[in-house]
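Here the structure comes first, spelled out in structure tokens, and everything after it is commentary.
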Amino acid sequence: MVGLEVLPSGRETLEKSVEAVLSAVKLRIPEGAGYRKVLEATYEHRMSIIRGSDNVADIETKIGSGQIEELVAQAKDELNLIPHMVSWKPWDFSHQVKVIEEKAE
């Protein structure tokens, strides 16, 4: 792979990174926020795969989002995004949405 350093203990590094994402999102993002729901679903799924196999190639195949180093990079990116999402609060808005239904002819 070009651009990312090969991780000698990739599975363990990924597991720690996924745990960090799950911990951060649970501590910092409101429970009902869509962002939290998507992150929890994604990273809980990844964690179940990681804990279900010691084989890195098997984990990469089952997750289907790149090599182990790329998965670790994705988790680190998410960890960097979480504080921004906390400050932006996209789940907290004050505008009203009006639904207009068209009449069938």
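The values are calculated or read from the model by the stated rules, or taken from the named source; none is laboratory data. Everything numeric in this text was worked out from a predicted model, so none of it was measured. Backbone-built Cβ (ideal geometry, glycine too); neighbour counts: all protein chains shown.
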Item to complete: State yes or no: is Glu40 in contact with a Lys or Arg (Cβ under 8 Å, 6 or more places away or on another chain) and either surrounded by 11 or more Cβ atoms within 10 Å (Cβ to Cβ) or touching a residue at least 40 places away in the same chain (Cβ under 8 Å) (or both)?
Response: yes
Worksheet item: Restricting attention to region 60-105, which residues are over 16 Å from Val38 (Cβ atoms) and among the hydroxyl-bearing types (Ser, Thr, Tyr)?
Response: Thr61, Ser87, Ser94
Fill in: Hits in region 29-72 (condition: of a type in the set (Ser, Thr, Tyr) and part of a helix (DSSP H, G or I))
Tyr35, Thr42, Tyr43, Ser48, Thr61
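Val56 - would you say it is under 30 Å from Pro90 (Cβ atoms) and either under 13 Å from the mean Cα position of the chain (by Cα) or at pLDDT 95 or above (or both)?
Details: under 30 Å from Pro90 (Cβ atoms): no; either under 13 Å from the mean Cα position of the chain (by Cα) or at pLDDT 95 or above (or both): yes.
Judged against the criteria, Val56 is not a match.
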Practice prompt. Scan region 54-105 for residues that are among the polar types (S, T, N, Q) and within 17 Å of Ala24 (Cα to Cα) and jot them down.
Written response: Gln74, Asn80, Ser87
Practice prompt. Could you please tell me which pairs satisfy a Cβ distance under 6 Å, a separation of 6+ or placement on different chains, a first residue in region 1-29 that is over 13 Å from Gln74 (Cα atoms) and in contact (Cβ under 8 Å) with a residue 60 or more places away in the chain, and a second residue that is outside any loop (DSSP other than H, G, I, E, B) and aliphatic (A, V, I, L, M)?
Written response: Gly10/Val56; Gly10/Ile68
Item to complete: Please give the number of the condition His45 fails out of (1) closer than 12 Å to Arg11 by Cβ; (2) surrounded by 12 or more Cβ atoms within 10 Å (Cβ to Cβ).
Response: (1)
Worksheet item: Assuming Lys89 fulfils every condition listed in (1) among the basic types (Lys, Arg); (2) on the phi > 0 side of the Ramachandran plot; (3) surrounded by 15 or more Cβ atoms within 10 Å (Cβ to Cβ) apart from one, which condition is it?
Response: (3)
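From the list Leu71, Leu81, pick out the single residue that is surrounded by 12 or more Cβ atoms within 10 Å (Cβ to Cβ) and touching a helix residue (DSSP H, G or I) at 6+ places or on another chain (Cβ under 8 Å).
Just one listed residue meets the conditions, Leu71.
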Worksheet, complete the sentence: Filtering region 1-28 for residues that are part of a helix (DSSP H, G or I) and either touching a strand residue (DSSP E or B) at 6+ places or on another chain (Cβ under 6 Å) or not basic (Lys, Arg) (or both) leaves a count of 15
Worksheet item: Among the numbered criteria (1) in a loop (DSSP other than H, G, I, E, B); (2) surrounded by 11 or more Cβ atoms within 10 Å (Cβ to Cβ), which single criterion is violated by His95?
Response: (2)
